[in-house]
Amino acid sequence: MATVNLSDYKPLNITNADEFSIGIVFSEWNDFVTYNLRDAALEILQKEGVKSKNITLFPVPGAFELNYASMQLCKERKYDAVISIGCVIRGETPHFDYVCSAVAQGIKDCNVLTDTPTIFCVLTDDTKEQSIARSGGDLGNKGVEAAVTALRMIDLKRIFPVKKEISVSDIHKINITIEYTEGL
């Protein structure tokens with residue numbers, strides 16, 4: 001996400017935000033954190049003009065499941081952006097490392113393999129206190145940052161040309177046209 005603290009929200013004034021469609025996938029594990037992140041993201045999206053009816057919430061059991069749900073939303077091509085919200089707190093085993101790595105890779109894959117910006121809003125903290133501080137406590141709320149990032153990425157996406165997917169039948173037509181043209 002951002003390299004500056006965007007938790008100190010300043011209006012973005014993005015035009016046509018009321019037309020945006022955003023999916024928010026959030027983990028129910030560590031809900032004392034993830035619900036705060038989700039609610040902060042919702043608040044900012046609505047302040048910027050995204051209509052409530054255009055924001056869809058998708059709860060999943062844990063952080064690991066964010067990958068599946070986020071990729072499915074991206075594949076639907078129905079959402080202008082997807083925000084993936086989770087919280088993994090380090091325990092006594094290497095489970096933390098595996099989950100964090102897998103989730104980061106999965107969300108990266110959504111960004112690389114689809115045209116839908118997918119925002120990584122997964123806290124990976126050593127302690128419960130650190131997570132609380134980053135979800136509305138002393139260090140702001142990363143849900144705010146995720147919403148701002150999603151809006152900025154949708155705005156950025158507008159400048160890229162729309163790619164038309166080519167079907168197998170289109171490729172056949174292209175080959176025939178090229179062969180016919182070369183025959184003249």
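Let me check I have the definition right: for the range 14-60, take the eigenvalues of the Cα gyration tensor, multiply each by 5, take square roots. What are those semi-axes in whole Å, largest first?
Over the Cα atoms of the range 14-60, the semi-axes work out to 22, 11, 6 Å.
Which pairs break 18 Å Cα to Cα here: K53/K78; K51/K75; K10/K142; K78/K142; K10/K47? Write out the running numbers ahead of the final one.
Numbers: K53/K78 13 Å; K51/K75 22 Å; K10/K142 14 Å; K78/K142 25 Å; K10/K47 10 Å.
The answer is K51/K75; K78/K142.
Heavy atoms only, probe 1.4 angstrom, no DNA, RNA or ligands counted: give me R38, R90 ranked by accessible area, highest first. Could the numbers behind the result be given before it?
Numbers: R38 40, R90 105 Å².
Largest to smallest exposure gives the sequence R90, R38.
Over the range 16-67, what is the relative contact order in percent, taking alpha-carbon pairs closer than 8 angstrom and at least six residues apart? It would help to have the intermediate numbers written out before the result.
Values: 62 pairs, mean separation 29.4, N = 52.
Relative contact order comes out at 57 percent.
The values are calculated or read from the model by the stated rules, or taken from the named source; none is laboratory data. As the structure is a computational prediction, the values presented were derived from the model and not from experiment. Note: areas computed on protein heavy atoms with side chains; ligands, DNA, RNA excluded. Shrake-Rupley method; radii C 1.70, N 1.55, O 1.52, S 1.80 Å.
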